[in-house]
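Below is one structure; the comments refer to it alone.
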């Protein structure tokens with residue numbers, strides 16, 4: 001099914017390890033979002049891009065998290081030194097800047113032990 | 001920043017019954033309110049939305065009401081089916097293509 005593609009689907013880390021999540025948005029979508037969804041909570045925005053530019057990263061824990069979208073298409077979210085509190089599902093989403101409907105990927109479920 | 005609250009947190013109904021989910025928000029700058037459905041193992045799915053210049057929107061079995069004065073929304077699902085079992089999220093945004101602020105969700109369980 002065409003849509004937002006994320007990989008890996010699952011990741012298990014020990015505290016202190018690094019991990020990267022990859023997202024391929026819907027073709028043509030210029031806006032890309034990363035959300036963190038802890039268990040039994042709603043998604044929380046981490047960062048979003050228009051093309052390759054970061055529009056808002058104010059909710060991204062900048063000391064350990066980073067996100068890039070170098071060519072304005074695919075994006076990578078990296079956690080430098082994972083903590084147990086980072087355990088959550090990480091969702092990527094995309095849309096057109098001029099359109100309201102946002103499409104979500106299936107997410108990457110991260111467990112930090 | 002914006003805060004979105006949903007009630008109830010969960011509900012159980014028999015197939016064919018109606019469901020009402022309430023949502024409130026705090027930021028008067030919010031103008032766009034999409035709702036999403038999340039089934040186990042599946043991606044968040046857009047189901048309905050409303051803008052702040054509207055009071056009501058209806059699609060098939062869903063009716064979404066919006067009260068700008070009280071900053072309150074309500075989603076009504078009629079003639080529920082087991083396939084409606086999911087977590088429903090209310091969200092808010094102050095513009096197009098801006099990040100969404102989500103509520104904690106309402107878990108709906110529909111039994112045959």
Check your understanding: Out of all the residues in the range B:79-92, which are more than 14 Å from chain A (Cβ to nearest Cβ) and either surrounded by 14 or more Cβ atoms within 10 Å (Cβ to Cβ) or in contact with a helix residue (DSSP H, G or I) (Cβ under 6 Å, 6 or more places away or on another chain) (or both)?
Key -> B:80, B:84, B:85
Review point. Which residues, counting only those in the range A:23-38, are more than 14 Å from the chain's Cα centre (by Cα) and within 11 Å of chain B (Cβ to nearest Cβ)?
Key: A:29, A:30
Practice item. Please work out which residue is farthest from the chain's Cα centre (by Cα), limiting yourself to the range B:20-34 and to residues that are buried (at least 19 other Cβ atoms within 10 Å of the Cβ) and outside any loop (DSSP other than H, G, I, E, B). Key: B:25
Exercise for review: Taking the residues in the range A:94-113 that are facing another protein chain (nearest Cβ under 8 Å) and in a strand (DSSP E or B) as candidates, determine which candidate is surrounded by the fewest Cβ atoms within 10 Å (Cβ to Cβ).
Suggested key: A:103
Point to revise | Hey, residue A:62 loosely packed, with under 14 Cβ neighbours inside 10 Å, more than 12 Å from chain B (Cβ to nearest Cβ), under 20 Å from residue B:45 (Cα atoms) and free of Cβ contacts under 8 Å to residues at least 40 places away in the same chain or not | key: no
Exercise for review: Identify the single condition in (1) in contact with a strand residue (DSSP E or B) (Cβ under 8 Å, 6 or more places away or on another chain); (2) within 14 Å of chain A (Cβ to nearest Cβ) that residue B:22 does not satisfy, given that it satisfies every other one.
Suggested key: (2)
Point to revise | Hits in the range A:70-88 - residues which are touching a residue at least 40 places away in the same chain (Cβ under 8 Å) and either in a loop (DSSP other than H, G, I, E, B) or at the interface with another protein chain (Cβ under 10 Å from one of its Cβ atoms) (or both) | key: A:72, A:73, A:74, A:80, A:81, A:82, A:83, A:87
Practice item. Mind counting the residues in the range B:93-112 that are away from chain A (no Cβ under 11 Å) and either buried (at least 20 other Cβ atoms within 10 Å of the Cβ) or over 19 Å from residue A:58 (Cα atoms) (or both)? Key: 5
Review point. If you go through the range B:35-57 one residue at a time, do you hit one that is loosely packed, with under 14 Cβ neighbours inside 10 Å, on the phi < 0 side of the Ramachandran plot, touching a strand residue (DSSP E or B) at 6+ places or on another chain (Cβ under 8 Å) and more than 14 Å from every other protein chain (Cβ to nearest Cβ)?
Key: yes
Practice item. Evaluate the range B:67-78: report whether one residue or more is outside any loop (DSSP other than H, G, I, E, B) and touching a helix residue (DSSP H, G or I) at 6+ places or on another chain (Cβ under 7 Å). Key: yes
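Read-outs: derived from the displayed coordinates by stated rules, not from any lab. These numbers were taken from a predicted model, which means no experiment stands behind them. Quick reminder, even Gly has a Cβ in these numbers, built from the backbone with ideal geometry, and neighbours come from all protein chains shown.
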